[in-house]
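Note sheet for the following structure.
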Ligand SMILES: NC(=O)c1ccc[n+]([C@@H]2O[C@H](COP(=O)([O-])OP(=O)(O)OC[C@H]3O[C@@H](n4cnc5c(N)ncnc54)[C@H](O)[C@@H]3O)[C@@H](O)[C@H]2O)c1
């Protein structure tokens, strides 16, 4: 059963040499929608044995593996029983946001490597606890930001790191969807006890990762944040298919957020993200520097990737010039493949996490501070404890 969603775009990356004689035993925790994308790439890995799966919903994990026609996978009623069984070298945590932290900490405390879906978790406090468990375990923890493996996203980082922009001082990022509250596959994204955070945890964290990864993840110093839920809470809200949404009474997260963030190094980050709005896009991403600025076109339905050719604006030989960086062509595999492959390679070769939590904790701290600042109605200082 092929899941065509998230691995449809293929890029050219360096291929690792896979030693199929050394297999990694994998468990899947949470067998919902995104677990299908994990399965689709795991099934392409000759050095993986899928040995276990768990879901809180009775029978769901069994149905999941049956649909793939795979036999012999042991299933469990929650992450705890799966990890206690002690059969897995690594787990993919594909649960809704609310249980990311408890699953990741339990796995790391039991000596199991973790590929944790984004967002890392839902609060800064949880992110700190995950980091501490990771440090004590010495295991690999990688966070599921597959756009990092997109060649066009890598080009953004390459341009910034080349020094072509000079000193970066202002960044505008974010994006959104005109109608895009993610409910087609259920309501776990919009309920407080499962999603906990809304548009920021779903798509905002990608926008933040795109620019913060490019500039080397400087620490945030202060944040002034705003959140709202006008569309999700509106009983008259219609989905992009023109159907009444019928979930206003259970909608309990933000459908829009904005933050004004001061970063170390005198950089301003101006961020906004929308699940729904009366607008086509809330703007391209721009990274402004003393020698040049970079424009990264927004995608129409924001999904954390690059929407078109990049443009570098600079001054050469006394002339204002615009340099286009065409979109890179597709290659053999998609982003999701590399997200998994780099995780497996790090486990097998004793490497470091491909998407390290020491960076993503900063992403989480910004989201957390936007929520806290919005509640207080004023700018707050951000403090990330030493791990
Ligand atoms: N990387 C991506 O492109 C991408 C795309 C979509 C979703 N996601 C992320 O993946 C996560 C899951 O999203 P989804 O759409 O698959 O959600 P979902 O609600 O379809 O599936 C989550 C499943 O996890 C199970 N679960 C929760 N806690 C559990 C526990 N302790 N033990 C075992 N099972 C547990 C639930 O019963 C549910 O079946 C979210 O955090 C989301 O942000 C990532």
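The values are calculated or read from the model by the stated rules, or taken from the named source; none is laboratory data. The structure displayed is predicted, hence computed values, not measured ones. Virtual Cβ from ideal backbone geometry, glycine too; neighbours counted across all protein chains shown.
General observations
- Matching residues, region 101-110, being in contact with a strand residue (DSSP E or B) (Cβ under 8 Å, 6 or more places away or on another chain) and either near the ligand (Cβ under 6 Å from one of its atoms) or more than 21 Å from residue 196 (Cβ to Cβ) (or both): 103
- The single residue among 215, 197, 190 that is under 24 Å from residue 240 (Cβ atoms) and in contact with a helix residue (DSSP H, G or I) (Cβ under 7 Å, 6 or more places away or on another chain) turns out to be 197.
- Residue 181 in contact with a strand residue (DSSP E or B) (Cβ under 9 Å, 6 or more places away or on another chain), under 24 Å from residue 336 (Cβ atoms) and assigned to a loop (DSSP other than H, G, I, E, B): yes
- Residue under evaluation residue 64, criteria (1) part of a helix (DSSP H, G or I); (2) more than 10 Å from the ligand (Cβ to nearest atom); (3) in contact with a helix residue (DSSP H, G or I) (Cβ under 8 Å, 6 or more places away or on another chain); (4) more than 28 Å from residue 151 (Cβ to Cβ), criterion not met: (2)
- Exactly one residue out of 266, 318, 292, 259 is buried (at least 19 other Cβ atoms within 10 Å of the Cβ) and more than 22 Å from the chain's Cα centre (by Cα), and it is 292.
- Residue 52 within 8 Å of the ligand (Cβ to nearest atom) and either more than 21 Å from residue 339 (Cβ to Cβ) or without any contact (Cβ under 8 Å) to a residue 60 or more places away in the chain (or both): no
- Check on residue 169, over 19 Å from residue 241 (Cβ atoms), assigned by TED's automatic domain parsing to the domain that holds residue 296, modelled with pLDDT of 90 or more and surrounded by fewer than 24 Cβ atoms within 10 Å (Cβ to Cβ): yes
- Residue pairs whose Cβ atoms lie under 7 Å apart, separated by 6 or more positions or on different chains, with the first residue in region 173-184 and assigned by TED's automatic domain parsing to the domain that holds residue 211 and the second modelled with pLDDT under 90 and crowded, with 24+ Cβ neighbours inside 10 Å, are 175/302; 176/302; 177/302.
- Residue within region 364-375 that is within 23 Å of the chain's Cα centre (by Cα) and either surrounded by fewer than 20 Cβ atoms within 10 Å (Cβ to Cβ) or assigned to a loop (DSSP other than H, G, I, E, B) (or both) present: yes
- Taken as a whole, region 230-250 holds at least one residue that is without any contact (Cβ under 8 Å) to a residue 12 or more places away in the chain, at positive phi and loosely packed, with under 15 Cβ neighbours inside 10 Å.
- Of all residues making up region 67-93, the number that are within 11 Å of the ligand (Cβ to nearest atom) and more than 25 Å from residue 345 (Cα to Cα): 6
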